[in-house]
1. Cut-off 10 angstrom, C-alpha nodes, Gaussian network model of the chain. Which of L154, L21, L86 fluctuates the most?
2. Looking only at L276, L27, L401, which one moves most when the chain is put into a Gaussian network model with springs between Cα atoms under 10 Å?
3. For the stretch 312-423, what is the relative contact order in percent, using Cα pairs closer than 8 Å and at least 6 residues apart in sequence?
4. Counting pairs of alpha carbon atoms under 8 Å apart in space and at least six apart in sequence, what relative contact order in percent does the stretch 208-350 give?
5. Relative contact order, percent, of the stretch 328-383 when contacts are C-alpha pairs under 8 Å separated by at least 6 residues?
6. Stretch Q197-A126 to full length: gain in nm at 0.36 nm per residue minus the Cα-Cα span?
7. Between the helical axis of 395-414 and the dominant principal axis of the chain, each derived from Cα atoms, what acute angle in degrees is found, rounded to the nearest 10?
8. Given the rule -39500 (n - 2.57) for each run of at least 4 DSSP H residues, summed and divided by the residues of the chain, what is its mean residue ellipticity at 222 nm, to the nearest 500 deg cm²/dmol?
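We did not get these values from a lab; they are worked out from the coordinates using the rules stated. Owing to the predicted nature of the structure, the values given are computational and were not obtained by experimental measurement. Here the Cβ is made from the backbone with ideal geometry for all residues, glycine too, and neighbour counts use every protein chain on show.
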Amino acid sequence: MQSQNNHVFRVAVIGGGPAGLMAAQTLAQRADPARPLQIDVYDAMPSVGRKFLLAGRGGMNITHAEAYQTFVTRYGKRAAILQAMLDAFGPQHVRDWVHGLGIETFVGTSGRVFPTEMKAAPLLRAWLHRLRELGVHFHQRHRWTGWDEDGALLLATPDGELPVAADATILALGGASWARLGSDGAWVPVLEQRGVQVAPLLPANCGFDVHWSAHFSARHAGEPLTTVAITSTGADGQPFRKQGQFVVTATGVEGSLIYALSAALRDQIAADGSALIHLDLLPDLDAARVVDELSRPRGSRSMASHLQSRLGIKGVKAGLLRECASAEQYADPAQLARALKMLPVRLRAPRPIDEAISTAGGVRFEAMEGMMLKAKPGVFVAGEMLDWEAPTGGYLLTACLASGQAAGEDVLRWLRPVAPLRS
């Protein structure tokens, strides 16, 4: 890329989610005044940040306050690659950035970090105001569809197709979950046709189908299972156990505990056709105590009444026990105790990708130099469309912001030909 005197470099950011907005902010704040930039953010939706707003509807979890060394491990196989970005824009940087927008934060009991008002809308409004002050231009209802023969970006608009020539482009188009909010994965074939390596998009932080009986589904769909633990074996053959809560749905299971294990469960289903998990319905009691309580005389009471009286098993937990334990197990206290501590539930398939909170897969890091596509020089990628995944808890947003900053910095290096891209 060669510079010219008085040339205003034009940078197009495609996608107005957290990664794209952070890329635009980085460009606007760190550009060399001697090399002016025009920064345009294009988004297919009528307004930017729609998934960001919906994700924050139940409480805007912006990052996590656990020890940084632990935080980085949440990115699994991609932790080593993402760490350089997170070192530059990690959990504390996220909090400092939010504070800089005039919004205070606090740490919840689980270590998750939230804005004091718990809402996403005030944060997004303050952020967009800041970006406009910095000179960033926004264009809604502009859907990117590829490039023309001359290399110009093609944007479908209400007024027809619009070609846009840009000195550099940042793609921050998200994955393929929540398509109604703009992340539909339509970019995959466009990039693959240009020789970009893309790992298949898969549901992440998702629910799973279970073949419930019609009776159990009708009676207990929507009920939460609190204070339970799941034990299973991952696709790598390693056992794992985690305690938390989740919800029974009409078709299966979903919720925070399921989401935390979804990557391993999804991969196990892909390898074996299904995933067997074991539920500990009484994780705070050891097996001996459960056997002891069930062995006490119950007189004329039914086993269901005995379970509720001695162990508090009722409602959806009692229904699950009936659903998944055999009649022989239910009739024998010792076998019933084992079922309460290791109740088998077979997961048949992940729910469709559009229902998932996020997606795995995307542009492979091997297809990039820094954040730039090797097959398309001058085009940079950020956010969820990269090949990584993370659990909920602020990890997704933090990495999207960090990758947006990294992409913005790499664009600035690209526009200064003497400065090499990050390795």
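1. Looking only at L154, L21, L86, the largest GNM fluctuation is found for L154.
2. L276
3. 19
4. 31
5. 13
6. Gain on stretching Q197 to A126: 21.9 nm.
7. Helix 395-414 and the main axis of the chain meet at about 20 degrees.
8. So the helix-based figure for the chain works out to -10500 deg cm²/dmol.
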